[in-house]
Amino acid sequence: MSVQHSKASLHAFYAEALRNGRSTGEKLCAPVPARFLALLASLPADTPRRALDLGYGAGAYTIALAEAGFTVVAVDQAPAEPLLHRLLARKDLAERVTVVESLIEKYAVQEDFGLLVAKDVLHYLSQQDVERLLTGAVRSSRSVNLHYLEIFTAISRTDAHDGQIHIEGEARYTPDTLGRALERIYDGWDVSVRWDDHTEQDTRSGRSYFEATRATVVASRRFPAPVGTAAMSGRETA
Ligand SMILES: C[S@@+](CC[C@H](N)C(=O)[O-])C[C@H]1O[C@@H](n2cnc3c(N)ncnc32)[C@H](O)[C@@H]1O
């Protein structure tokens, strides 16, 4: 049996978790991993210090970006207050962060962001919206840019009776369909994809309720971009 949850209930779930400072299965309150900080440290010096964090959640990546000296536009459908409140204690960072309360589907990337981050969020959008958004960001790219994406593919969500749960309108990428989309979107960019098996378990029962293959995508545009050469690294399994 399969059950479909509405987009509205998904959005309300995150809004409530963030308002109450509650971590979810994705560990929203956890600090960013060292490998993301290493990526920031390795960016070419001519990367514009302006970043876009899509689906910022509790703001872990937004804050790490601001700490690394970026001005950040942070977009999420959830109310802005929890992140604004968190930034109150960090006035030095607050002046570098603009919080936008919006659906990502309604946000058009029209600036040349040096860095675009979308972690654990794009799988909630339709494939059409993901492609429109990222293609828009590629078209707006004018200089050395890097996109860092973590996207779930081949998702299996189950309830306590082993019924499959889907979210209305979600992308339902497989590794193959995502790989092909990346080739279309990042024509002429350097793209590397790392694939990891990902499981979330109920802390009390130990039951796995979410299983997926996570794609960690690093797409970089050198300037000037080579014409018509999509360089895909192929699959690396962690
Ligand atoms: C799993 S959390 C990821 C948070 C953060 N990127 C991180 O990794 O710590 C997903 C976030 O995406 C947001 N979100 C989900 N669908 C969205 C949409 N269509 N537009 C804007 N935000 C969305 C949720 O409100 C939530 O904050």
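The values are calculated or read from the model by the stated rules, or taken from the named source; none is laboratory data. Quantities reported herein were computed from a predicted structural model and do not represent experimental measurements. Heads up, the Cβs are rebuilt from the backbone with ideal geometry, glycines too, and the neighbour counts pull from every protein chain shown. The protein model used for the area step is the full one, side chains on, heavy atoms only, and it has no ligands, DNA or RNA in it. Shrake-Rupley method; radii C 1.70, N 1.55, O 1.52, S 1.80 Å.
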Problem set entry | Members of the range 98-127 that are surrounded by fewer than 20 Cβ atoms within 10 Å (Cβ to Cβ), at pLDDT 95 or above and either more than 6 Å from the ligand (Cβ to nearest atom) or farther than 21 Å from residue 217 by Cα (or both) | 98, 100, 101, 102, 103, 106, 107, 126, 127
Exercise. Restricting attention to the range 142-150, does a residue exist that is among the basic types (Lys, Arg) and at pLDDT 95 or above?
Worked result: no
Exercise. Of the residues that make up the range 171-182, is at least one within 18 Å of residue 110 (Cβ to Cβ), away from the ligand (no atom under 15 Å from the Cβ) and touching a helix residue (DSSP H, G or I) at 6+ places or on another chain (Cβ under 9 Å)?
Worked result: no
For this session: Test residue 24 against the stated conditions and say whether it is within 19 Å of the chain's Cα centre (by Cα), of a type in the set (Ser, Thr, Tyr) and over 23 Å from residue 218 (Cα atoms).
Result: yes
Problem set entry | Candidates 47, 98, 62 - the one that is assigned to a strand (DSSP E or B) and among the hydroxyl-bearing types (Ser, Thr, Tyr) | 98
Problem set entry | Residue ID - farthest from the ligand (Cβ to nearest atom), chosen from residues in the range 128-169 that are open to solvent by 20 Å² or more (accessible area, probe 1.4 Å) and in contact with a helix residue (DSSP H, G or I) (Cβ under 8 Å, 6 or more places away or on another chain) | 138
Problem set entry | Identity of the residue in the range 10-22, within 13 Å of residue 58 (Cα to Cα) and in contact (Cβ under 8 Å) with a residue 12 or more places away in the chain, that ends up most open to solvent (accessible area, probe 1.4 Å) | 19
For this session: Could you please find all residues in the range 30-53 being within 13 Å of the ligand (Cβ to nearest atom) and open to solvent by 70 Å² or more (accessible area, probe 1.4 Å)?
Result: 31
For this session: Scan the range 110-134 and report the pairs whose first residue is over 28 Å from residue 69 (Cα atoms) and whose second residue is within 8 Å of the ligand (Cβ to nearest atom) and among the acidic types (Asp, Glu), with Cβ atoms within less than 7 Å and a gap of 6+ or a chain change.
Result: 125/105; 129/105
Exercise. Limited to the range 65-80, what total is found for residues that are within 10 Å of the ligand (Cβ to nearest atom) and not in a loop (DSSP other than H, G, I, E, B)?
Worked result: 3
For this session: Give the number of residues within the range 170-184 that are part of a loop (DSSP other than H, G, I, E, B), of a type in the set (D, E, K, R) and open to solvent by 40 Å² or more (accessible area, probe 1.4 Å).
Result: 1
For this session: Could you tell me whether the range 54-68 includes any residue that is in contact with a helix residue (DSSP H, G or I) (Cβ under 8 Å, 6 or more places away or on another chain), among the hydroxyl-bearing types (Ser, Thr, Tyr) and open to solvent by 20 Å² or more (accessible area, probe 1.4 Å)?
Result: yes
